[in-house]
Amino acid sequence: MAGEKQDDLSGGNYFSNPLMSDFASDWSPVHDAALHGRLLALKTLIDQGSSVNLLTLDKVSPLHEACVGGNAACAKLLIEKGAKVNSATVDWNTPLFNACVSGNVACVNLLLQHGAKPQAEYHLSSPIHEAASRGHTECLEALLHHGADIDHNIKHLGTPLYVACTKQNLESVKKLLELGANLNTEGDTPLHAATRASRPDLVQLLLEHGADTKARNTEGKEALDLATPGSEARRILMQREGPPSLMQLCRLSVRKYLGRSRFQEISRLQIPTELKNFLLYRYREKGAKS
């Protein structure tokens, strides 16, 4: 075998074999260097003839490992040397999915700029859902900027906003709402998920953005039906049983009219800053109340 014998961190010994181009192999030094961000070692192995598309038996490439390790410099080198940006493992994980697992926005942008598909072809591994579930808001923004569907609805997961609510990730919920996610989906809605999780902060946030308290899931239940008796979430929902205030109706109408570009459009409006903040739900930062 060509290449030099090396020690893996786990104690196993592996050989670099440049003859094993795109074929399945065991874990290799190339994978190890990519995962742990050893840029010089990775470059040396590639220069010695190791393939950047060397796959493990589970079809994991060095680029998969660089991205899950959050090592943008290694990912860049691998891509420059011909790594396949849309390759999928046996579990349908792509390098972009792995980058959203690690939350490394530099890897996400790098992959997208080199042709990675922002929308998952396989519903088992959706980058935008993964980013939403983990609170990686910069990754969410990058995916959406490159064409990912903010309301991509997967049967066993729901929308990214629904996933963020089930995972109780407040930062993702805030970012998705800011970027125009749809609150009132068919079946179990984000409000149902937030209520079931007994998260009053999420319930309050969704209601402020226009969540429909009367929406029924597939079992015919409203969010209030799922609220724990005596909980803060239940109290908030019961307070919203009546019609919304005129101020709230005006805010929701303006935001709906402006559509998904509302964040940029509101910022450009020639209106007082205080009113912009109200339309953008920034009043909390100033300690004001609606």
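Values quoted throughout were computed directly from the atomic coordinates according to the rules given, and no laboratory measurement underlies them. Only a predicted model underlies this, so the values are computations on that prediction, with no experimental measurement involved. So basically every Cβ, Gly included, is an ideal-geometry build from the backbone, and we count neighbours across all protein chains shown.
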Working from the pairwise distances between different alpha carbons, so that the mean of 1/r is found and then inverted, what is the range 26-81's Kirkwood radius in Å?
10.5 Å
DSSP-loop trypsin sites (Lys or Arg not before Pro) across the range 203-248, with at most 10 other Cβ within 10 angstrom:
Lys214
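Taking every pair of distinct Cα atoms and averaging 1/r, then inverting, what Kirkwood hydrodynamic radius in Å comes out for the range 183-242? Mind showing how you got there, number by number?
Details: mean 1/r = 0.0916 Å⁻¹.
Taking the inverse mean of 1/r over all distinct Cα pairs, the range 183-242 comes out at 10.9 Å.
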So what J values fall out for the range 209-226 if you push phi through Karplus, 6.51 cos²θ - 1.76 cosθ + 1.60 with θ = phi - 60°, rounded to Hz, Gly and Pro as x?
8, x, 4, 7, 5, 9, 5, 10, 7, 5, 8, x, 9, 7, 4, 4, 5, 9
Can you sort Tyr162, Tyr257, Tyr281 so the residue with the fewest Cβ neighbours within 10 Å comes first?
Tyr257, Tyr281, Tyr162
The chain, dipole about Cα centre (Lys/Arg Cβ +1, Asp/Glu Cβ -1), debye to the nearest 20
1240 debye
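Could you order the peptides 38-45, 100-107 from most to least packed, using the average number of other C-beta atoms within 10 Å per residue? Kindly include the intermediate steps, with their values, before the conclusion.
Values: 38-45: 17.5, 100-107: 22.1.
For the peptides 38-45, 100-107, the packing ranking is 100-107, 38-45.
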Tell me, Kirkwood radius of the chain from alpha-carbon pair distances, in Å?
21.2 Å
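Exposure proxy check: Trp27, Trp92 ranked by fewest other beta carbons within 10 Å?
On the way: Trp27 18, Trp92 15.
Listed from fewest to most nearby Cβ atoms, that is Trp92, Trp27.
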Let me test this: with uniform point scatterers at the alpha carbons of the range 134-221, what is the Debye-based log₁₀ I(q)/I(0) at q = 0.14, 0.17, 0.24 1/Å?
-0.43, -0.63, -1.25
